[in-house]
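A short worksheet on the structure shown next.
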Amino acid sequence: MADLAKRGLRRKLEPLALDGRLTEHHRYLLAFHLRRLEAIEADLRALDERIEEKARPYQAQRRLLRQIPGVDDRIAVAIIAEIGIDMTVFGNAKRLAAWAGVCPGNHESAGKKKSTAARKGNIHLKTTLVQAAVCAARTKGSYDKDKYHRLKARRGSLRAAMAIAHKILVAVFHRLAKTVPFQELGEAFLDQQAAKRTTTNLVRRLNNLGYDVLLRPKVAA
């Protein structure tokens, strides 16, 4: 029976070894289920061919979206299927994010926030974007990976994934609206920003205390 294993299960033939009797009735049922699996696989291949046929006119847009960490060709096609390629219908990235349901709400009254939950939005697009966010969080050397793990430590994995999904959709909007390539900020970007912000704050505080500050890079030993 182990010889019937396919794909990844072929690497686990020894644990799959089974002892016992295989009767004619068992063989009949196994053949029945194998035929069903083959039919399902044939249907999936037909659907993939149909999707590729319909998505063929959008090759340029798919190439642009695949540059974004976490977005493969399947996700790129799903995003285009949900939002199209004409971004003028949304106006700006903020409206698109709100429509998709990946933009956190900001309901505030008397200085107190009532809710920061994301809107329902387009469930199909939101699911696709969260899948892309999880993949982006595993992309080595990317800004999204560093940002995800920083947010996860403070807000939890679900909110971190939603925040990265929002960033991916904003990147998608600008790629489709301006047809410009994606520029990766890199994993060290947030540390560099923090160092620059800290330096600016310290210089301002010293200036307020009456000092003239001259910044000079430290000479390496």
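Points to keep in mind about this one:
- Boolean, ARG74 is under 18 Å from the mean Cα position of the chain (by Cα), charged (D, E, K, R) and outside any loop (DSSP other than H, G, I, E, B): yes
- Sole residue being out of contact with any Phe, Trp or Tyr (no Cβ under 6 Å at 6 or more places or on another chain), under 30 Å from ASP86 (Cβ atoms) and in contact (Cβ under 8 Å) with a residue 24 or more places away in the chain, chosen from LYS145, LYS120, LYS126: LYS126
- Helices (runs of 4 or more DSSP H) wholly inside segment 117-194 that include at least 1 residues being surrounded by 14 or more Cβ atoms within 10 Å (Cβ to Cβ) and in contact with a Pro (Cβ under 6 Å, 6 or more places away or on another chain): 123-136, 143-155
- Every residue from segment 84-105 that is assigned to a helix (DSSP H, G or I) and either closer than 18 Å to GLN61 by Cα or among the acidic types (Asp, Glu) (or both): MET87, THR88, VAL89, ALA93, LEU96
- Condition broken by ALA46, with the remaining ones in (1) modelled with pLDDT of 90 or more; (2) in contact with a Phe, Trp or Tyr (Cβ under 8 Å, 6 or more places away or on another chain); (3) not charged (D, E, K, R) satisfied: (2)
- Single condition PRO69 does not satisfy, out of (1) part of a loop (DSSP other than H, G, I, E, B); (2) more than 12 Å from the chain's Cα centre (by Cα); (3) modelled with pLDDT of 90 or more: (2)
The values are calculated or read from the model by the stated rules, or taken from the named source; none is laboratory data. Here the structure is a predicted model, which means the values were calculated and not measured. Positions of Cβ are backbone-derived with ideal geometry, glycine not excepted, and every protein chain shown enters the neighbour counts.
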